[in-house]
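Take a look at the structure below.
Read-outs throughout are calculated quantities, based only on the coordinates presented, and are distinct from any laboratory measurement. Please read all numbers here as calculations on a predicted model, not as lab measurements. No Cβ is skipped: glycine too gets one built from the backbone with ideal geometry, and neighbour counts run over all protein chains shown.
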Amino acid sequence: MRPRAPRLGAALLMGALVAALASCTGQGHAAAPRPRVAPVLARLLAAMGDTTMYLLAGPEASANVYMLNHANPQGLRLTSNPSGFGISWISASPAGLLLGDARTSIDVTSIYRDHRSQPLPAGQTGAGAISPTGTIAYAAIPGNASGTGASTWRIELTTANGASSRVVYRQPAPDLGLMAWGSGNQLAVISSACHGRSQVLILDSSGRVRARLNPSLATTTFCLLAWNTRAPGLAIGYHPGLDITGTGVASELITLSGHQTLMPYGWLPMCWSPDGTSLLVARGLTIGLWHLNDPAQVRVLGSTGRAGPLSGCAWLTKPAVGT
């Protein structure tokens, strides 16, 4: 049975409902009440300026995607996946919004077009990322293609229009994880194939390994990765499980040269501002902004409340194509 397309609508990220339009009496219509913007969103919008942010928010395995900007100050809900079958990850650039859509109980790499999540031919994959020019990279799950070996992980590249994919990198198990595009059209990929410790591979557009970074806090636990073309480095967060609670979290910034800066304990990196000067971070339900010039501090913005914790975001100069 074909899944029902998600319903759209502007909704407070906090889950509050906008009041209905006032009924008309006499001649003309009463003006609609001005919707209230939650304080945390107002503070975030003030920090964002004329930019757009995509937020992945909700309980574990039940997150959905919201678009936030001054045209949508309450947050425009883009997906409406049912509980337990949410969006697993997002990546966005001006070229499009990429999602790991688990509506069918498995993560399917999808592109957001025509007001809905549309699966790409790649189908079930690991994490993915879309570059500013529209190149899509994803981790192909071992055994999903013939002739590669049952335990071989691959990075494949394609485009938002579903062009044929090409393999640019292979490595044996255990796995390849989260990824992000950054400076010099390079791709950062979390790899846990280094004797039980996570490495970050820096690949060029042809798949050649340009660097192998070894974060000081790396373990085999679930991690978060934030990078973009202007960021001063890769922000990497680790915690001892899939539940984003802010408990026992250690994060750090690592540059391409390997220099490491510890971030305030308990905060997870989410996404860099387009100019690379601010990093949105989260600790449980609390979100804030971190700056490299004041690495010991986080400017707290407030709580996401009933929307649940953030598990990802993308911060762009303008809305992604298709949204």
**Prompt:** Using the 10 angstrom Cβ neighbour count as an exposure proxy, how do 68, 176 rank, fewest first?
**Reply:** 68, 176
**Request:** Once you have the Cα-Cα distance between residue 46 and residue 118, take 0.36 nm times their residue separation minus that, and quote the gain in nm to one decimal.
**Result:** 22.7 nm
**Asked** By how many nm would the segment from residue 185 to residue 212 grow when fully extended, if each residue of separation counts as 0.36 nm and the alpha-carbon distance is taken off?
**Response** 8.1 nm
**Complete:** Mean Cβ-within-10 Å packing, highest first, puts peptides 185-192, 114-121, 284-291, 160-167 in the order 185-192, 284-291, 114-121, 160-167
**Request:** Among 101, 204, 175, rank each residue by its count of other Cβ atoms within 10 Å, from fewest to most, as a rough exposure measure.
**Result:** 204, 175, 101
**Request:** First check a/c for the stretch 57-125, with a ≥ b ≥ c the square roots of the eigenvalues of its C-alpha gyration tensor; if it is under 1.5, answer rounded, and if not, answer prolate when a/b is larger than b/c or oblate otherwise.
**Result:** oblate
